[in-house]
Amino acid sequence: MFVRTGSNIRQEVTSMPGVFQQSADQNCRRLPRSRKPRYSRRYPFRPSGNKDPRGSSSLQTDGVVQRAIEAIRRAKLNIVVITDVCLCEYTDHGHCGVIENGEVANDATLEILAEQSLSHARAGADIVAPSDMMDGRVAAIRKKLDQNKFEDLPILAYAAKYCSAFYGPFREAADSAPQFGDRRSYQMDPANAREALKEVSLDLEEGADMIMVKPALPYLDIITRVRQEFSVPVAAYNVSGEYSMVKAAAQNGWLDEKTRRP
């Protein structure tokens, strides 16, 4: 769910057919309204708007994500709301952390991520999901939530997030491409499988309740290894590039995305 400021806005993402940047009122209009228990997970992402070097707008109580969460709660929609916690959508340089001396400063980023998580919790999020891959961010978020009486709010940690070209369409939709360099210094090396287990273990030690492997299809072996090693819920993120490949092939008649065949 890509949220934009304003009202009555619905704009398709060109590289992700069927996916839209929408204002909060449009998102609520199209979300499920069943009275039966429903666990439809939605990730409010912030595609564009006021950006600065520290991603300060991510902390605003009237920010676009915060308002989107509140709109969902007012509409009494029976869904689970999971929010993305990161800075790349909010910084003018497009990186997931604060920049100091030309490098991403891990420790200087943690308090901002913790405050962002707290603002999402106060707005009504069911789960916060840090996707930044800064070391120690789960512990910082858990401490901040606990200090503010959100001890029961779960954390879904992007524990094994690999550096990947598959994120391209998402970065267009969220206007979050790095303006210099890349994210290899904090995202994982695709050739390193053992590191995934280490990262998952660290996040769980810091207080994560669930973990995620991202992307999904290229790392089914990692999902298997994580599942074998740990007993917590494991999520797999089928990312934008994976989605867009299927859609593009279907639109060109190269495959049938709907029909199941043996």
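The table below gives the values:
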item	result
Helical contribution to [θ] at 222 nm, DSSP H n ≥ 4, -39,500 (n - 2.57), averaged over the chain, rounded to 500	-10500 deg cm²/dmol
Share of carbon and sulfur in the accessible heavy-atom surface of the range 61-112 [1.4 Å probe, %]	44
Percent of C-alpha pairs per 10 Å bin, the chain, short to long	7, 29, 38, 22, 4, 0
Euclidean distance of C-alpha centroids, the range 83-130 and the range 229-246, integer Å	21
Relative contact order (%) - criterion: Cα under 8 Å, at least six apart; region: the range 61-128	43
Formal net charge of residues neighbouring GLU206 (Cβ-Cβ distance under 14 Å; K, R +1; D, E -1)	-2
Label-point separation, ASP107 to ARG194 (7 Å along Cα→Cβ), nm	2.8
Tail weight of P(r) past 16 Å, computed on alpha-carbon pairs of the range 93-153, percent	41
Given 15 as the ceiling on other Cβ atoms within 10 Å, longest exposed-site-free region of the chain for trypsin sites (Lys or Arg not before Pro) in DSSP loops	185-257
THR259-ASN8 pseudo-label distance in nm [points 7 Å out on the Cα-to-Cβ vector]	4.2
Dipole axis of the chain (+1 Lys, Arg; -1 Asp, Glu on Cβ), positive-most option in GLN60, ALA71, PHE150	ALA71
Mean separation of Cα contacts under 8 Å (6+ apart) over length of the range 86-216, as relative contact order %	29
Longest DSSP-loop-exposure-free segment, chymotrypsin sites (Phe, Trp or Tyr not before Pro), the chain, at most 16 other Cβ within 10 Å	40-179
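The values are calculated or read from the model by the stated rules, or taken from the named source; none is laboratory data. What you see is a predicted model; the values in this text were computed from it and never measured. Cβ coordinates were reconstructed from backbone atoms using ideal geometry, including for glycine residues, and neighbour counts include every protein chain displayed. Each accessible area value is taken on the protein alone, full model and side chains, heavy atoms only, with ligands, DNA and RNA left out. Shrake-Rupley method; radii C 1.70, N 1.55, O 1.52, S 1.80 Å.
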